[in-house]
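The values are calculated or read from the model by the stated rules, or taken from the named source; none is laboratory data. Keep in mind the model is a prediction, meaning the values are calculated, not measured. Note that we place each Cβ from the backbone using ideal geometry, even for glycine, and neighbour counts take in every protein chain shown.
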Amino acid sequence: MEYVCAYFYDLHILDIKIFFNICNKFGYKEIRLPVFESTELFQRGVGDTTDVVNKEMYTFLDKGNRSITLRPEGTASVVRSFIEHGMASLPFPIKLFYNITAYRYEKMQKGRLREFHQLGVEAFGSSSFSIDVEIISILHMFLNKLDLVRELLEFPQTIVEKLILFISEKLNFGITDRAIAGKVASDVRYLMTQDSKWRLNDLALELLRPKNMFNFFASVVWELKGYEPKPGIITLSTYHKSKGLEWDIVFLTNLNYDDFPVTLDDKFMGEYYYLKEEYKNPQAVIKSEMQIILNEKKENNLLVLSKIETIKERTRLLYVGITRAKEFLFLSGVESNFGSRKQAKVSKYLTELKKFIEKQEKQEKQEKQEKQEKQEKQE
């Protein structure tokens, strides 16, 4: 019985989340309502002659001898809140939704309980029929989503990999998401062959782990997707990933001498000041030693050769970055911590490019001035 109760409780929470998401999509905001209100509110709002007021309300007197009623529905409370809190001064239309427990004293029967949950929407300040259409659309979408949840829950949970593909089909996944779902299904099928007791619960626990086994493939797919340049959208890319792409405006930041060295005396990434000169860059030393082993030849000045290769590579990357701009290019570097080991200086590429641009501007200005003076003389 505990498992059954927990199942229906989780299903109820899922229903509420679906309703909340749909309402938010249509621009409705949640409103919280009190459990009980003044009895007069429901008598005047719902109507004295209705069965709700005459037969179904839980009404009693509090210690102050005031008549209060457990809410039988939500509309009257929403209207009262709208008036009391001055919502009429807000921009129209005002669209609200609520999730409440309501109470009605009526004969117990199948599907009708004295305490029940009610989801609802209310809209104020618009006489257009489009609001009615919108509310009907919310209900239609909500019922369709509930049918979808029922289909997913009724699918045999022992065939986990097929359930994953079924979910991707029913939720109309795009090409990218379907690729991820297919990879997850393939991995799950492999895991189930290795362990016959592996079930849906194990998949759920694995997905909850921040570094789960499925994240790597998903990150690769989304990384490739994320670098697609689109109009009106800012994209963040590495120099390597930007090859073949173009943007109207490009910002190249952190053009410092350790990231983009020019001379052998510049600071290089991966160097450790506390090591001997010949071992300052352990990665370069290992790389050079491996080349010696593989090529079976002796190389001199291993660190110098490594630095030259680094300069060449970084120059190529900078060229790639600069040529990605179609209209505007912004270059920037940082200078800080002067005199310390952590000193940062702008790359010589940046200073030389600045000189070149200033020289070009000066030359263009001079040519323009000479052309103007020549025209004036002719006149």
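Once the stretch 326-355 is narrowed to residues that are loosely packed, with under 11 Cβ neighbours inside 10 Å and hydroxyl-bearing (Ser, Thr, Tyr), the residue that is modelled with the highest pLDDT is Ser336.
For the stretch 295-302, the criterion of being more than 20 Å from Asn254 (Cα to Cα) and either part of a helix (DSSP H, G or I) or modelled with pLDDT of 75 or more (or both) is met by at least one residue. Just so you know, in the stretch 108-124 the residues that are on the phi < 0 side of the Ramachandran plot and assigned to a loop (DSSP other than H, G, I, E, B) include one that is farthest from the chain's Cα centre (by Cα), and it is Met108. The set of residues in the stretch 89-101 that are part of a strand (DSSP E or B) and closer than 23 Å to Ser130 by Cβ comprises Ile94, Lys95, Leu96, Phe97, Tyr98.
Does at least one position in the stretch 28-51 carry a residue that is free of Cβ contacts under 8 Å to residues at least 24 places away in the same chain, surrounded by 11 or more Cβ atoms within 10 Å (Cβ to Cβ) and in contact with a Phe, Trp or Tyr (Cβ under 8 Å, 6 or more places away or on another chain)? Talk me through it step by step, then tell me what you get.
Going through the stretch 28-51, the residues free of Cβ contacts under 8 Å to residues at least 24 places away in the same chain turn out to be 43-44, 47-51.
Among the residues that remain, those that are also surrounded by 11 or more Cβ atoms within 10 Å (Cβ to Cβ) are: 43-44, 47, 50-51.
Keeping just the survivors that are in contact with a Phe, Trp or Tyr (Cβ under 8 Å, 6 or more places away or on another chain) gives none.
No, every residue in the stretch 28-51 fails to be free of Cβ contacts under 8 Å to residues at least 24 places away in the same chain, surrounded by 11 or more Cβ atoms within 10 Å (Cβ to Cβ) and in contact with a Phe, Trp or Tyr (Cβ under 8 Å, 6 or more places away or on another chain).
Each residue in the stretch 238-253 was checked for being surrounded by 13 or more Cβ atoms within 10 Å (Cβ to Cβ) and either more than 26 Å from the chain's Cα centre (by Cα) or of a type in the set (Gly, Ala, Ser) (or both), and 1 of them qualify. Taking the stated definitions as given, is Leu171 at pLDDT 85 or above and of a type outside the set (Gly, Ala, Ser)? For Leu171, the condition - at pLDDT 85 or above and of a type outside the set (Gly, Ala, Ser) - is not met. Residues of the stretch 239-272 that are farther than 15 Å from Lys348 by Cβ, in contact with a Phe, Trp or Tyr (Cβ under 6 Å, 6 or more places away or on another chain) and in contact (Cβ under 8 Å) with a residue 60 or more places away in the chain: Ile249, Phe251.
Of all residues in the stretch 282-291 being exposed (fewer than 13 other Cβ atoms within 10 Å of the Cβ) and among the hydrophobic types (A, V, I, L, M, F, W, C), which is modelled with the lowest pLDDT? It would help to see each step written out before you state the result.
Step one: of the stretch 282-291, the residues exposed (fewer than 13 other Cβ atoms within 10 Å of the Cβ) are 282-283, 286, 289-290.
Next, only the ones that are among the hydrophobic types (A, V, I, L, M, F, W, C) stay: 286, 290.
Working: Ile286: 76, Met290: 73.
Ranking the candidates gives Met290 first.
A single member of Leu165, Leu119, Leu143, Leu139 is modelled with pLDDT of 85 or more and not assigned by TED's automatic domain parsing to the domain that holds Met57, and it is Leu165.
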